[in-house]
Structure formats: structure tokens, C-alpha cells
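A.B. asks: Sharing a structure below in C-alpha cells format, with a few things to ask.
Where a number appears in this text, it was derived from the coordinates with a stated rule and is not lab data. Just so it is clear, the structure is predicted and the values come from calculations on it, not from any experiment. Note: ideal-geometry Cβ built from the backbone for every residue, glycine included; neighbour counts use all protein chains shown.
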2 protein chains.
Amino acid sequence: MNIRFYNAKILCLKDAATRTYQCIEGELWVRGDEIVYVGDGSDAERVLPGQAALSWDREIDATGKLLLAGFKNAHTHTAMTFLRSYADDLPLQSWLHEQVFPREGQLTEDDVYWLNILGIMEYLTSGITSNFDMYFFPPVDAKASVDTGFRTVQTSGLNNFGGSVELMEENYHIVNEMSDLTSFIVGFHAEYTTSMELMEGVAALAQKLKSPVYMHNSETKLEVEECLQRYGKTPTQLTEALGMYEYGGGGYHCVWMDDTDFEIFKKRNLTAVTNPASNLKLASGVAPIHRYLQEGISVAIGTDGPASNNCLDMFREMFLTTALAKVRENDAAVVGANEVLYMATSAGAHAMGLPDCDDLAVGKKADLIMIDLMQPNMQPENNLVKNLVYSGSKQNVALTMVNGRILYENGKFDIGFDPNEIYAKANAIIGRMK
Amino acid sequence: MNIRFYNAKILCLKDAATRTYQCIEGELWVRGDEIVYVGDGSDAERVLPGQAALSWDREIDATGKLLLAGFKNAHTHTAMTFLRSYADDLPLQSWLHEQVFPREGQLTEDDVYWLNILGIMEYLTSGITSNFDMYFFPPVDAKASVDTGFRTVQTSGLNNFGGSVELMEENYHIVNEMSDLTSFIVGFHAEYTTSMELMEGVAALAQKLKSPVYMHNSETKLEVEECLQRYGKTPTQLTEALGMYEYGGGGYHCVWMDDTDFEIFKKRNLTAVTNPASNLKLASGVAPIHRYLQEGISVAIGTDGPASNNCLDMFREMFLTTALAKVRENDAAVVGANEVLYMATSAGAHAMGLPDCDDLAVGKKADLIMIDLMQPNMQPENNLVKNLVYSGSKQNVALTMVNGRILYENGKFDIGFDPNEIYAKANAIIGRMK
């Protein structure tokens, strides 16, 4: 498809190093899965001779709208949609062991497929164009993405209760080769659920495949204390000692870090993926985002799964990322809006191995969203980035495009499935378990 | 207007004392400004003979929708919309004195009128049906509400830099007598901005008018420390000693409270109005919501003004109220969803002197909202109250009705003003000040 946006405001990076954005007024052209022009239109004929005369499949008048790179949900368990509002108000350990694990054990591959699609629909409503997903059956999770047109990066949730290093290697190849929309990065659930033998296997696999490694890392104080008791090392120090990070990677949550942990993240160029809503709701704590930035450590943002959050809303996560940092540091000036927007877009893309999805520019993938500025929460237009991060909401998402395809527009999905059928399946799956 | 909702799910209180809700499937009828029937429809002819045959002005098929009482925004400064995204990332005192006060000094009554309407539009998108507003020119603020059909409770922002007790008394009568949609409760800005002489005048006025009293109370640690230095008492103890609370009232924010403060709130049946997003963003702290509930003290929820929040979104405030309490108490079990929904609806109504707007029941005012459940963030329907509080978003608000009038439906406003004209005015007002 050839799609032309005109009369648009286009938010793109001016200088990534300083997290500076510029707003270009004009046109953005998509050909196939790629952005081929961004500018005011005056130089389009020179830059792309003959292209303006191309027959467009769609020409979209973006008056009053803002185009920006889609959000990257850098940590989630998408198919946990079935447990939304099912077992809330419990601490992490009992929530996992008493509520989550027993029900997850009943999930079939077919269940996971449909529950993924429900989660993908929710992502689209929030302007999320790709997810970094850890769940059972990565090839099934990936197929749900391909079938809906959504971009996904899968990792393994390997632990003592399921999976194997061999299966992960198999899934690595299956998912990486499945589609342009799918990729796979080595990972495992967490130190507290995974034996030393398995972790050594993960490290060896990462080195063999030259892959980064991700895991749940230092989510709760208890997790770190128990790891120290078991191994005399924090989760970060233990996995570093095992040789996990030769090709980079990072951790999900990263709430309870010591000085050496920060040093390792810095040295290995690891990404801390923060999940603020989930960390609050499970009373896990508030991550030291300001310190990561001060140390030059990359931060990305994830929703975590819908059973712990309970929704998949990047606007909520962006506001929490800045607002919690301010109250944690007792300083309203820390972690500004530009930093947070960069985390939710570019830094997420880099953490997920998607360097072509990090910005709106010529040659980048057409993973973008259109924000309706003509709504009361986006007015006045004193500062568009601040409006997005401090005031933005799902109701501002007018359009979500992944890989050049419009999957969500004006509240309607174009993903090849009837939403009501998806809702019915999700209710039936959890209904079966009650 | 006579309006019939059918095929609806209707969420209403089953037992206020235990914050228990029930979901009735069936019909809700509105005649004029009042709810005249709630039930499954089978007893409608017996309860209201001949009424079903009335010609309805609108019959609304609410299949897949949930009706509930509108949210009460129990503390805000609506007209501060002009400062949204203008002066962020500053601590409270410098934010107020360097950024806010100098620009507010330039506002005309006409400016405040239009800025109020922008705020009211935003309330409607978030299912907020009334506000408890403190700002300049209460009669102008109230007129903006009347002209759009919105319900408002005004209080005074009296302080050393503006207003007088005499003017407050005058506004009390003007606003209370203006319309069924408007009322006025005695109040002043805060101890730290108001002289002892003025505070004594406020106390005398409250006793004369038999009015509750509200003020910003213990928002920051510094505020409490300085009050202790000045008077040897906390703001709560000082105002109690001045005789402010003979007819009740409460405080906005109420973050930094000591044991005696809790005792006073309990003894005087005062409401603590929490403003979690603003308290985070200005690095003021996290209010002790769990303790209020344990002590039996009523808690309501407000957005605070759009310059400090920066948006007017009750879904965000509800999630923050529960999630921050969990992390503050290091206990994921505290302050559940039912408690929070009660705060955002019934407790807010009671704090604002609106006992007829606290629930959906026969004889109550028709201040209600319709939530679209057939969206991915509301599925599956494991628990509707939890879905609302943990996952709800502005994009689920299909309809907002105030006093029997539909002011917002499917993204469109019916408030007698062109939204684009309101946006243009807001941009012009702040543009003039730059």
C-alpha cells in the first residue's frame, strides 16, 4: 500500500543524544512497509521524482493530528489477558504461586493464540506497535502477531517448571524465520524460578547464538535477598558472572539495584525495562529511573502483563515513569517528558533489536501512530511532548499503523478478526477455569 | 427530556457501608433531571403505571454498556487549563510563585470563562459529572458550568493576595442561587498563603452560614513545618482551633498528617480529598489513604488543576489511589477497587454536598455515565469494578449525562459551543502571556 499523510504535524528526533524532538509540519509518505518521505512537501519532487504522482491507496488528511513513532511495549506477557481483574490485591509471591501458575497450567496453545489477539487489540488502542513478549509457546504468540499484522519480539520464559534450553533454541529459529514481523531474543523467567544448571545453559546458548539476554531482574526486595542467600550475589551480579551479557540485553523491572549492579548495566550497555504500574500494584517498589539516566543507562518502558497491571496502556506507564521518579527523588525537576517519550519509543526499539522502528524518518519502518490533538486534554498546545507524556490518553489515538498497514483507526480494528468473537473466546477460557 | 436506557448493565450500590456493588441487568429511565426507574423491566408497569407508554425523547440500546454514577472531581482549579504543559518539572513552591501566580494575575473574567469550558469538556470525556472547583471569580466559573449544562460546586480561593471574606459571602449567595447546577461551600486557599485575620474571618463566616470549610491542607512537608513554626500547630490543628469545622468540611491533598490530625478528621467527620497525580508530579508525597480508611475517615478523589497534573482524568486518579497505597504500605492487599470506586463517586458527592448524585437509584439526579465494555481493556468481564478501577480509560466513556442532559456521546460534545473555538481561545489566552 502507498499511503500519504498530509497537513500533518510530524514529531521526530532532532538529536537523540539530548532527547531533543522537532515537529515538522507537512507530509509523511509510506510505500509498503517503509517511510519514504518526511518533510514540508516542498522538496518532495526533488527527493522522490515522480512519486507524488503515484496513485495513492490512501491519502489521509492529518489536520489537527500528530504523527509519531509507535510505542514499544518492552516487557509484557500478552496472553495473560484472561487473568485481568481475576486475582488482584495480592503480593507478588502469593499472586504468582497461588493464582497465576495454577491457571496458566491449564492453558492450551489454542487459548494462548486467542488471548494474544485480545492483548494485541489493546496495544493498538494505546498506540503500541510492537511488544517484547515473554510467555508460553512463543511460536504461537508470534503467529497471533503475524495473523493480525502486529510486530513482536519474543523471548523465552524458561524456568524450572517448563521449557528447556533446547526448546528455546528451536523457538529462536522458528520465530526469527517466521516473518518480518517476528523476532526472538534469548531469555528466561528469573533467577528465583530457574536452576543454576538451566541458567548456565541459557548463558551458553546466548554465546552460541550471539544473542542478548533478558530476564525478570530485581523486581522485589525479597527476590534480591533470597538470591544473595543462595549465591552471595545479586541477580545482576550472578548472571553477569555466568557470562550472560556478552551480547548485551537487560532486565525487566530492575527496582532493587546496588552500586555494582549499576556498574554492570553500564559496562554491558544493558537496558533497564521499567514497569511502573505493575510495580505499584504488586507493592514491589519504585525503580530508580533518575539514577539510570544519570549513569547513562538506557531505560525502556513496559506494561508487564495484564494480570498484574491490569491494562496495557503506554500513556499510563509514561506518566508513572516521570511522576514516580519525581516523588522518589523528592525533586519535581527530574526525568522530564522528552526523556520519557524517548524511553517509550526509541529506547524500547533499541532494547528489542528493532533499530528501524525507533523514529519517523526516511528508510525507517512505517510503525507509527496518529494522535488527535483536537481534544480537550491536548489543548492548549504549549508543548506537544509534554501534552503526550503528562496528559495523553488512549482516546487520543486516532490511528495505529504497523509495518505500513493501518490496524486501528477511529476505534475500529482491521486485524482480520471480529472483536466480539475475541472477547467471547477470552471469557470462555477463563470461564472454563473457575 | 425522557430518556430510556435498555439492555444495560447498571452498577449501583448494594450496601454503602461495606462498599458492595450490584450489577442490575435491564433498564434505567430518566425523566427530566431525575432517575425514575432502575430494574430489570419486569416491574416497571407496576412501579410506574403508564410510564412505559410515554413517548421517549431518546431510547438508547445499552447492549455491551455499563451505566454507573458519574465521577465527582472533588478538588480542582478548572480554569488552569491555560497552563497545561507550560511550566512543568518544578517543585510546588517555585512552581506556584514563579510560574503560576504571575500568569494568573493577567487573567480576565472573560479568560476564566473560556478556560473553564475547556476544562469542563475534558471532564466530560473522563466521565466526570461535577467538580469541586477553587478559582478566581466563582460566579464566572459557575456561569461556565450553567452555560454548558455541567454541575459545579464552587469554593473560595481566598488568600492574602486576592479576595475578601465579604466577597466570599457575596459569592456564596450568588452561586448558590444561580442554578440547580451550582452551589458554593466556604473555603480559602491554604494556611501558608492566608493571614490569621483572614482565617478568623473564614471561620466566622462558616459559622454564620452554617457551611463546611475546605482548604489545601498538608500538601507538602514544608507547608506543615512552616505552619508549626508560625503557630505551633499543624494546619489541621490550627484550623480546628479556629472553629472552622463546626459544620464539617475537609482538606485537599492531606498528605502529611500526624495522629492528632487524624483524630480531628475523625471527630469532625471531615473528608480527605486525595490528588495523587498532582502529589507525584510536584514531588509532594503519597497520601496515607489506607490509614484514612482504617480510621473510618471519608476519602474523595480530585484531579487538582491541569497545570499540576496535567490532565483531568478520573481513571488515572483511581488507579493511582489504589496503586500508590499498595506500594506505600508495602502491601498489595490494601485499598481495593470497590473502596476506590466509592471514593470517586459516592464519597465525592457527599464531600461536595450533593447527596442526590451519589448513586444510580430512583429519586437520584440523572448524573451518570455509560462505559463501553466491548473494548479490549474491559475484557474478559471477570470483575466489572476492578476492570473500571484498574483498567478503565477515557476511551471507554461512551456517554456522559449531567442532570438528565447528554453532554457528551461517542466523542461528540453537546454543550452549546464549538470545540475548535474553545481550543483557539485557550491558545490565544496563553499566547498573549508568552
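A.B. asks: Taking the Kirkwood radius as the inverse of the mean 1/r across Cα pairs, report the Rg/Rh of segment B:288-385.
C.D. replies: Rg/Rh: 0.98.
A.B. asks: Cα extents of segment A:87-211 along the three principal axes, largest first, in whole Å?
C.D. replies: 40, 39, 24
A.B. asks: A further question on this structure: How big is the equivalent ellipsoid of chain B along its three axes, where each semi-axis is √(5λ) from the Cα gyration tensor, reported in whole Å from largest to smallest?
C.D. replies: That gives 34, 24, 21 Å for the three semi-axes.
A.B. asks: What fraction, in whole percent, of alpha-carbon pairs in the protein assembly as shown exceed 53 Å separation?
C.D. replies: Value for the protein assembly as shown: 12 percent of Cα pairs lie more than 53 Å apart.
A.B. asks: Can you sort A:ARG84, B:ARG432, B:ARG19 by how many other beta carbons sit within 10 Å, fewest first?
C.D. replies: Listing A:ARG84, B:ARG432, B:ARG19 from fewest to most nearby Cβ atoms yields B:ARG432, B:ARG19, A:ARG84.
A.B. asks: To the nearest 0.05, what FRET efficiency results for B:GLU25 and B:LYS266 with a Förster distance of 35 Å applied to their C-beta separation?
C.D. replies: 0.35
A.B. asks: Can I ask one more? Under 8 Å for C-alpha pairs, at least 6 residues apart: give me the relative contact order for segment A:182-298, rounded to a whole percent.
C.D. replies: Dividing the mean separation by the residue count of segment A:182-298 yields 24 percent.
A.B. asks: Return the single residue from B:ALA206, B:ALA347, B:ALA87 with maximal mean-square fluctuation; model: Gaussian network over chain B, springs between Cα atoms under 10 Å.
C.D. replies: Residue with maximal mean-square fluctuation among B:ALA206, B:ALA347, B:ALA87: B:ALA87.
A.B. asks: Is there a simple number for the mean count of other chain Cβ atoms within 10 Å of the Cβ of residues in B:386-399, and what is it?
C.D. replies: Mean number of neighbouring Cβ atoms from other chains: 5.
A.B. asks: Most exposed first by the Cβ proxy, i.e. fewest other Cβ within 10 Å, how do B:THR129, A:THR234 rank?
C.D. replies: Ordered by Cβ neighbours within 10 Å, fewest first: A:THR234, B:THR129.
A.B. asks: Still on this structure, please answer the following. What FRET efficiency, computed as 1/(1 + (r/R0)^6) with R0 = 25 Å and r the Cβ-Cβ distance, is obtained for B:TYR247 and B:ASP180, rounded to the nearest 0.05?
C.D. replies: That gives a FRET efficiency of 0.70.
A.B. asks: Okay, moving on. Based on the alpha carbon coordinates of segment B:223-375, what radius of gyration and maximum Cα-Cα distance (Dmax) apply, in Å?
C.D. replies: Gyration radius and largest Cα-Cα distance of segment B:223-375: 16.2, 56 Å.
A.B. asks: When you look at the Cβ of every residue in B:318-325, what mean number of other chain Cβ atoms sits within 10 Å?
C.D. replies: The mean count of partner-chain Cβ atoms within 10 Å per residue comes to 5.
A.B. asks: So what are the radius of gyration and Dmax for the Cα set of segment B:209-253, in Å?
C.D. replies: Expressed in Å, the Cα Rg and Dmax of segment B:209-253 come to 10.8, 32.
A.B. asks: Hey, which of these cross-link pairs are over 18 Å Cα-Cα: A:LYS266/A:LYS365; A:LYS14/A:LYS364; A:LYS394/B:LYS412; A:LYS233/A:LYS281; B:LYS143/B:LYS365?
C.D. replies: Where the Cα-Cα span goes over 18 Å, the pairs concerned are A:LYS266/A:LYS365; A:LYS233/A:LYS281; B:LYS143/B:LYS365.
A.B. asks: Pairs of alpha-carbon atoms within less than 8 angstrom and 6+ residues apart define the contacts here; what relative contact order does segment B:71-355 have, in percent?
C.D. replies: 21
A.B. asks: For peptide B:309-315, what's the mean number of Cβ atoms from other chains within 10 Å of each residue's Cβ?
C.D. replies: Averaged over the peptide's residues, the number is 6.
A.B. asks: I've got another one for you. Divide by every residue of chain B the summed helix terms, -39500 (n - 2.57) for each DSSP H run of at least 4, and state the resulting mean residue ellipticity at 222 nm, rounded to the nearest 500 deg cm²/dmol.
C.D. replies: Helix contribution divided over all residues of chain B: -9500 deg cm²/dmol.
A.B. asks: With unit charges on the beta carbon (Lys/Arg positive, Asp/Glu negative), name the residue among B:THR125, B:VAL165, B:THR155 whose Cα is farthest towards the positive pole of the charge dipole of chain B.
C.D. replies: Value computed over the given set: B:THR125.
A.B. asks: How far, in nm, would the chain grow between A:MET433 and A:ARG58 when pulled straight, counting 0.36 nm per residue and subtracting the alpha carbon separation?
C.D. replies: 130.5 nm
A.B. asks: Based on Cα positions only, what radius of gyration and what Dmax would you give for segment A:334-434, in angstroms?
C.D. replies: When restricted to the Cα atoms of segment A:334-434, Rg and Dmax are 17.1, 51 Å.
A.B. asks: Between segment A:302-358 and segment B:33-67, how many Å separate their Cα centres?
C.D. replies: Value for the Cα centre distance between the two parts: 45 Å.
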